[in-house]
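Below you'll find the structure, written out as structure tokens, and then a few comments.
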Amino acid sequence: FFFFLMIRRPPRSTLDRSSAASDVYKRQVHGILIMRFIIFCLAIAATYATLGVDYSTRVTATQCMVQNGYVFAIPRGYCSYGGIDSNVVANLQSAWNGGMKNVDVYMFPCVPCGNPKGQVDQLVNALASSKYGMIWFDVEIYKWSGNQGANRQFILDSVAQIRARGKTPGIYTSKYNWDTIVGNWDGVRDVPLWYAHYDNDPSFRDFRSFGGWSKPAIKQYKGDTTLCGAGVDLNFYQPLTFTSSTQHLKKKKKKKKKKKKKKKKKKKKKKK
């Protein structure tokens, strides 16, 4: 005996409805997965977001700032009149004592004074006994030359001297300031960028490439505000995309240790 199992094909209209429903379901699932992925990415970004402050006056309330989630500080080290900020040494010490994880300095150059290398030397020499990470070179509209070529050279000389003194340079500016002072120029695109855009949004969603920079290191997202009774600007960075000043300091310590070991080995060889 032979038994035949016949499978009847559903009417075409039923197949069409079933297929359409399946497609809708797939699109819904796909949309849900994409939304979950976006939420996950935003959560990760928020988790790794780091907030900090910069300031140009004497600030002692750094412990309060840390308790409020602001864990890096960038006090002013050099003033636009051509001299060391009288508060910088004390501000660096207060920042570390208050529990800040990273502490840099920023340099507001005196362009009319000339001698950019000498100004860098002044700053580095004044902070010889202080612990700090990077030197951020301030490029904003204030007594710069009307000659963009001269301005470019001033920046190049300053950045080169910061490196020559064994420190890591960074550039603080905004698109408007940069375009006005140096024009369409990417001569220091290899230097980390700290850009200003006061949208009160601690993220890089607003960033648009300029000066050869495709991604920023730090964003100053709110200016001239008060935190823990002190006048500060608020900043943001993501550790996943930026090597912090503390990491720069650690790298330099490792290099020094390696050099010392090499010297010791050479001395042992000479004794033999």
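F108 contributes about 40 Å² of solvent-accessible surface, heavy atoms of the protein only, 1.4 Å probe. Both radii come from the Cα set of region 140-223: Rg as radius of gyration, Rh as Kirkwood radius; their ratio Rg/Rh reads 0.97. Roll a 1.4 angstrom probe over the protein heavy atoms and tell me the percent of accessible area of region 46-128 that is carbon or sulfur. Looking at region 46-128 in its full context, I get 47 percent from C and S. Calculate the FRET efficiency for N125 and K101 from the Cβ-Cβ distance with a Förster distance of 30 Å, rounded to the nearest 0.05. Once rounded, the FRET efficiency stands at 0.70. Sorting the segments 128-134, 52-58, 197-203 by their residues' average number of neighbouring beta-carbon atoms within 10 angstrom, most packed first, yields 52-58, 128-134, 197-203. Within the set K143/K219; K143/K175; K175/K222; K117/K143; K101/K167, which residue pairs have Cα atoms separated by over 20 Å? K143/K219, as the Cα separations exceed 20 Å there.
Only Cα pairs under 8 Å and 6+ residues apart enter the sum, and on that basis the relative contact order of region 75-216 stands at 20 percent. The residues of region 72-204 expose on average 41 square angstrom of accessible surface per residue, using a 1.4 Å probe on protein heavy atoms.
The values are calculated or read from the model by the stated rules, or taken from the named source; none is laboratory data. Every value quoted in this text rests on a predicted model; they were computed, and no experiment measured them. Every residue, glycine as well, gets a Cβ built from its backbone with ideal geometry; the counts of neighbours run over all protein chains shown. Surface areas here come from the heavy atoms of the whole protein model, side chains and all, with no ligands, DNA or RNA. Shrake-Rupley method; radii C 1.70, N 1.55, O 1.52, S 1.80 Å.
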